[in-house]
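The values are calculated or read from the model by the stated rules, or taken from the named source; none is laboratory data. Not measured: the values here are computed from a predicted model. Note that we place each Cβ from the backbone using ideal geometry, even for glycine, and neighbour counts take in every protein chain shown. Protein only, heavy atoms only, side chains kept; ligands, DNA and RNA dropped before computing areas. Shrake-Rupley method; radii C 1.70, N 1.55, O 1.52, S 1.80 Å.
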Protein chains: 2
Amino acid sequence: RIVAACRRSLAPQDYRELFVLVTAGGTREPLDPVRYIGNYSSGKMGYALAQAAWERGARVTLISASSLPPPSEVEMVRVETAEEMWNAVVKNFDKADVVLKAAAVADFRPASRSAQKIKKGDNHKLILELEPTVDILASLGRRKERQILVGFAAETEELLANARQKLEDKRLDLIVANDVTRPGAGFGSDTNICTLLFPDGRKEELPRLTKLEAAHRILDAVKTLPHFPGRE
Amino acid sequence: RIVAACRRSLAPQDYRELFVLVTAGGTREPLDPVRYIGNYSSGKMGYALAQAAWERGARVTLISASSLPPPSEVEMVRVETAEEMWNAVVKNFDKADVVLKAAAVADFRPASRSAQKIKKGDNHKLILELEPTVDILASLGRRKERQILVGFAAETEELLANARQKLEDKRLDLIVANDVTRPGAGFGSDTNICTLLFPDGRKEELPRLTKLEAAHRILDAVKTLPHFPGRE
């Protein structure tokens, strides 16, 4: 907490008076009261973004599907499922200036949720039907007015092509691509190796950085966007 | 660490020279490099059992599918899937005197695991085929010789009937039943409300206790079993 306050007093206050909305962690979609479908996102990248934006003077709301303790001085809303994430994001979207969607949100969820624990039975196979969840990023892309919308693409193949496609399809202002199979870039790691893709075709490759360093570089990149609302 | 050492110096050394094997946490079964099927077990009950057995003089190996940091002075093996859990348990089973299977091991896993991230595609439903995993507890029940085998039943309905059935089917020496839907007994909670069922028909209901207190009561119950090998 003291370290955080020192960092803030030394950081440029280039996000002052801006409202930054950050999502973090991996959602969990329950199958029954005991089991869920989850993903390996730890929440560390989103927490680092929340921390970095706060250091630079922003008011930050962090919507977290992670079990990590909240970073200092940041308002946090805990959610579990993609649907809860969607509700929390929508509630905060209109007042947001910058939206950083670092959470790994489930694309699919069980089509039905069992109220009781599913029992194993007689060694038979089990068929699980999954249905798509709401596409939060695409919905925000359609809805946005002045907001700067930053997406994240965690991929295991054809990273840049997939990320560029996502940037365009979802009308993002910036996408942060990372290949989660690379050492030092994966889930739960304290470091990340990102490539930033811009709508005008620009591409910026970041070296291996701590997640907090990478977060600051992402905020630097957001500042270069033509409609960045901050005042120096 | 100092508190743990103090507790040990004050505890009865009734598990001295015994080798206690504990499993903890919830296994994760990958769907692809990004997603998995998991369960809500935090690992706290298993860690408490490892701690309690160590305080009472046992040599403890903890096989953990939890992300909690290891308790002091206990040898820990980290695993992720039911199969890894099985391999680690088998490796340690022959030398074990008491086996406390507190982990929530997946009953099912995806029948095939995708090497690449499954992409969302065109809003279609996804069918997931699950296959049963190895039944660790039943396998140990068939294999056991002198070992005392303690199972856990986390249920959401018909708790005692389901637990009694599991005790018999899997040839356990004791089963610890808890209804995870009760307040103060659920996953991630620091307390638990357990009922102990014995093969001779005995039943012992424990009040709401911290998980470390409950762990000591479970070790007390193990001592009442006819073939408990410990020496006072």
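Scanning the stretch B:168-179 for residues that are within 14 Å of chain A (Cβ to nearest Cβ), more than 13 Å from the chain's Cα centre (by Cα) and not in a loop (DSSP other than H, G, I, E, B) yields B:D169, B:D179.
Here is a yes/no grid of residues against (1) in contact with a Lys or Arg (Cβ under 8 Å, 6 or more places away or on another chain); (2) part of a strand (DSSP E or B); (3) aliphatic (A, V, I, L, M):
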site: B:R146; (1), (2), (3): no, no, no
site: B:L149; (1), (2), (3): yes, yes, yes
site: B:F152; (1), (2), (3): yes, yes, no
site: B:E157; (1), (2), (3): yes, no, no
site: B:A163; (1), (2), (3): no, no, yes
site: B:K166; (1), (2), (3): no, no, no
site: B:T181; (1), (2), (3): no, no, no
site: B:F187; (1), (2), (3): no, no, no
site: B:P199; (1), (2), (3): no, no, no
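Sort out which residues of the stretch A:34-55 are assigned to a helix (DSSP H, G or I), open to solvent by less than 20 Å² (accessible area, probe 1.4 Å) and either within 13 Å of chain B (Cβ to nearest Cβ) or of a type in the set (D, E) (or both), and write them in order of number. Result: A:E55, single match.
For the stretch A:209-226, a tally of residues being touching a residue at least 60 places away in the same chain (Cβ under 8 Å), part of a helix (DSSP H, G or I) and within 18 Å of A:D173 (Cα to Cα) returns 7.
Taking the criterion of being hydroxyl-bearing (S, T, Y), within 14 Å of chain A (Cβ to nearest Cβ) and open to solvent by 20 Å² or more (accessible area, probe 1.4 Å), the only residue of the stretch B:56-79 that qualifies is B:S67.
Going by what's in this entry, would A:V99 be described as under 14 Å from the mean Cα position of the chain (by Cα) and part of a helix (DSSP H, G or I)? So A:V99 fails the test.
Just wondering, is there one or more residues in the stretch B:80-95 that are outside any helix (DSSP H, G or I) and buried (at least 22 other Cβ atoms within 10 Å of the Cβ)? Looking through the stretch B:80-95, none of the residues is outside any helix (DSSP H, G or I) and buried (at least 22 other Cβ atoms within 10 Å of the Cβ).
For the stretch A:122-132, taking the residues that are facing chain B (nearest Cβ under 8 Å) and without any contact (Cβ under 8 Å) to a residue 12 or more places away in the chain, the one that is least open to solvent (accessible area, probe 1.4 Å) is identified as A:L126.
Say whether the condition of being in contact (Cβ under 8 Å) with a residue 40 or more places away in the chain and in contact with a His (Cβ under 8 Å, 6 or more places away or on another chain) is met by at least one residue in the stretch A:142-151. Yes - at least one qualifying residue is present in the stretch A:142-151. Among the residues that make up the stretch B:110-121, is at least one of them surrounded by fewer than 19 Cβ atoms within 10 Å (Cβ to Cβ), away from chain A (no Cβ under 13 Å) and closer than 25 Å to A:S66 by Cα? So far as the stretch B:110-121 goes, no, none of its residues is surrounded by fewer than 19 Cβ atoms within 10 Å (Cβ to Cβ), away from chain A (no Cβ under 13 Å) and closer than 25 Å to A:S66 by Cα. In the stretch A:1-25, the residue that is nearest to B:V105 (Cα to Cα) out of those that are open to solvent by 10 Å² or more (accessible area, probe 1.4 Å) and not hydrophobic (A, V, I, L, M, F, W, C) is A:R1. Going through B:D122, B:D190 one at a time, which residue ends up being touching a Ser or Thr at 6+ places or on another chain (Cβ under 8 Å), at pLDDT below 95 and under 30 Å from A:R109 (Cβ atoms)? It is B:D190. Inside the stretch A:133-151, can you point out the residues that are crowded, with 21+ Cβ neighbours inside 10 Å and small (G, A, S)? A:G151, the sole residue that qualifies. Looking only at residues of the stretch A:4-33 that are closer than 18 Å to A:A65 by Cβ and polar (S, T, N, Q), we find that the one that is farthest from the other protein chains (Cβ to nearest Cβ) is A:T23.
Assess whether B:G141 counts as being within 19 Å of the chain's Cα centre (by Cα) and part of a loop (DSSP other than H, G, I, E, B).
Numbers: within 19 Å of the chain's Cα centre (by Cα): yes; part of a loop (DSSP other than H, G, I, E, B): no.
Taking the combined requirement at face value, the residue does not satisfy it.
When B:A177, B:A154 are checked against the criterion of being out of contact with any helix residue (DSSP H, G or I) (no Cβ under 9 Å at 6 or more places or on another chain) and surrounded by 17 or more Cβ atoms within 10 Å (Cβ to Cβ), B:A154 stands alone in meeting it.
Among the conditions (1) in a loop (DSSP other than H, G, I, E, B); (2) of a type outside the set (V, I, T); (3) closer than 27 Å to A:P33 by Cβ, the only one that B:K119 does not satisfy is (3).
Quick one: would you say B:V34 is in contact (Cβ under 8 Å) with a residue 12 or more places away in the chain, within 25 Å of B:E145 (Cβ to Cβ) and not acidic (D, E)? I'd like the intermediate steps shown before the answer.
Values: in contact (Cβ under 8 Å) with a residue 12 or more places away in the chain: yes; within 25 Å of B:E145 (Cβ to Cβ): no; not acidic (D, E): yes.
Spelling it out, it is not the case that B:V34 is in contact (Cβ under 8 Å) with a residue 12 or more places away in the chain, within 25 Å of B:E145 (Cβ to Cβ) and not acidic (D, E).
In a residue-by-residue description of the stretch B:191-208, the property of being open to solvent by less than 50 Å² (accessible area, probe 1.4 Å), closer than 19 Å to B:A48 by Cβ and in contact (Cβ under 8 Å) with a residue 40 or more places away in the chain applies to at least one position.
Quick check on B:K144: is it at pLDDT 95 or above, away from every other protein chain (no Cβ under 11 Å) and either farther than 24 Å from B:D179 by Cβ or touching a Gly at 6+ places or on another chain (Cβ under 8 Å) (or both)?
No, not satisfied.
Of the residues making up the stretch A:1-33, those that are in a loop (DSSP other than H, G, I, E, B) and closer than 30 Å to A:K119 by Cα are A:T27, A:R28, A:L31, A:D32, A:P33.
Scanning the stretch B:64-76 turns up one or more residues that are of a type in the set (A, V, I, L, M), touching a helix residue (DSSP H, G or I) at 6+ places or on another chain (Cβ under 7 Å) and modelled with pLDDT of 95 or more.
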